[in-house]
Amino acid sequence: MTIQWFPGHMAKARRQVTEKLKLVDIIFELVDARLPLSSRNPMIDEIVNQKPRLVILNKEDMADPVMTKEWIRYFKEQGIEAVSVNSQAGNGLDKMVKAAEGILKEKFDRMRARGIKPRAMRAMIVGIPNVGKSTLINRIAKKNIAKTGNMPGVTKAQQWIKTAQHLELLDTPGILWPKFEDPETGYKLALTGAIKDAILNLQDVAIYGLRYLEERYPARLEERYGFAVLPEDMAYVFHQIGERRGSLASGGEVDYDKVTDIMIRDVRSGQFGRLTFDIPPEKA
Ligand code: GDP
């Protein structure tokens, strides 16, 4: 998806989410489990405001499982419920529904106590591009799309996906903008394919990735490229990777763009195993 995020688009995206907040009991904030912090919208707390929320760490199959546990603990310490799922395979969806039920239990108990007829929980998914919103919606939808007209607060009929598990999900997600502030976040988003390749200098992205692997996953770096500690000379590093991966030109010269592509593709396709690029902040 290629969205250019100009201030006008951000304001519109925010307005669209805010408008639909009224229709739902709970927000499913989808993030990439490899980047539970960097793949969040920078204004999400303000936008969600008081609405109950469940953070969903998607693509758990690609993230470091030890770190995913730590992140779930971190969110809980912040008073935010979080679960991890793999939307592509459909793993963790029961856990997700149970967590939402837990968060909304009091509200639904109160409704029941007031004699209001029980109804399904209503949820909407929000998140930055490429975290897997459509994949999750399609997973939940299967063949369950149902149209309901005249929801209060909107003139256009909303499509709701009804599931067997007392959940109704808005069929269109809220798409919010990613963080742009610091280069490190940009590198992480680029490495995992969350932002368009044309935005950043890819060689810088690859070098950031190499240094991160050196710091956090040296054994995997060694296994794939032959060094656990990166030599000072980056030209040499690129040469070695090119040689190892059989992509040097016939004269033995390095094609830096090609090696850059190889490195980034290796990260994105899981050749280094399951990686997490955000570390939970130290407990306060
Ligand atoms: P959206 O822009 O947030 O709607 O993201 P998409 O649903 O289009 O997903 C972006 C990419 O991530 C697609 O290539 C999906 O196949 C992939 N994807 C989504 N969920 C998962 C997941 O749980 N695991 C893996 N490995 N890939 C996923």
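What list of whole percents do you get for P(r) of region 7-170, with Cα-Cα distances grouped in 5 Å bins up to the one holding the largest distance?
The percentages, shortest bin first, are 2, 8, 17, 22, 21, 16, 9, 4, 1, 0.
Starting from the Cα coordinates of the chain, work out the convex hull volume and express it per residue in Å³. Kindly include the intermediate steps, with their values, before the conclusion.
Working: hull volume 42.4 nm³, N = 284.
So the per-residue Cα hull volume is 149 Å³.
Quick check: the angle from helix 7-21's long axis to the longest principal axis of the chain, C-alpha only, nearest 10 degrees?
That helix lies at roughly 40 degrees to the long axis.
Placing unit charges on C-beta atoms (Lys and Arg positive, Asp and Glu negative, everything else neutral), compute the dipole magnitude of the chain about its Cα centre in debye, rounded to 20.
2260 debye
If the label point is 7 Å along Cα→Cβ of E181, which residues in region 7-44 have backbone nitrogen under 16 Å from it?
Only 36-44 fall inside the zone, counting backbone N under 16 Å.
Looking at region 73-142, what % of the alpha carbon pairs are farther apart than 21 Å?
37 percent
Tell me what the chain gives for mean residue ellipticity at 222 nm when only DSSP H runs of n ≥ 4 count, each as -39,500 (n - 2.57), the sum divided by the residue total, rounded to 500 deg cm²/dmol.
Working: 10 runs with 119 residues, N = 284.
Mean residue ellipticity at 222 nm (helix-derived): -13000 deg cm²/dmol.
How much of the DSSP beta bridge set in region 9-144 is antiparallel, as a percent to the nearest 5?
Percentage antiparallel, nearest 5: 5.
Just in region 215-269: which trypsin sites (Lys or Arg not before Pro) are loop by DSSP and have at most 15 other Cβ atoms within 10 Å?
R245
So how many Å³ per residue does the convex hull of the Cα atoms of region 201-269 work out to?
In region 201-269, the Cα hull volume divided by residue count equals 79 Å³.
To test your reading of the geometry: what angle, between 0 and 90 degrees and rounded to tens, separates the Cα axis of helix 256-268 from the longest principal axis of the chain?
The angle comes out near 40 degrees.
Please give the charge dipole size of region 165-284, origin at the Cα centre, charges +1 on K and R Cβ atoms and -1 on D and E Cβ atoms. Round to the nearest 20 debye.
The calculated dipole for region 165-284 is roughly 340 debye.
Dividing the alpha-carbon Rg of region 29-120 by 2.2 N^0.38 Å yields what?
Working: Rg = 14.7 Å, N = 92, 2.2 N^0.38 = 12.3 Å.
Working it through for region 29-120, the quotient is 1.20.
Roughly what % of Cα-Cα distances in region 1-54 sit above 19 Å, to the whole percent?
Taking all Cα-Cα pairs of region 1-54, the fraction more than 19 Å apart is 34 percent.
Every number in this text was worked out from the coordinates using simple rules, so none of it is lab data. Just so you know, these numbers come straight off a predicted model, no measurement behind them. Backbone-built Cβ (ideal geometry, glycine too); neighbour counts: all protein chains shown.
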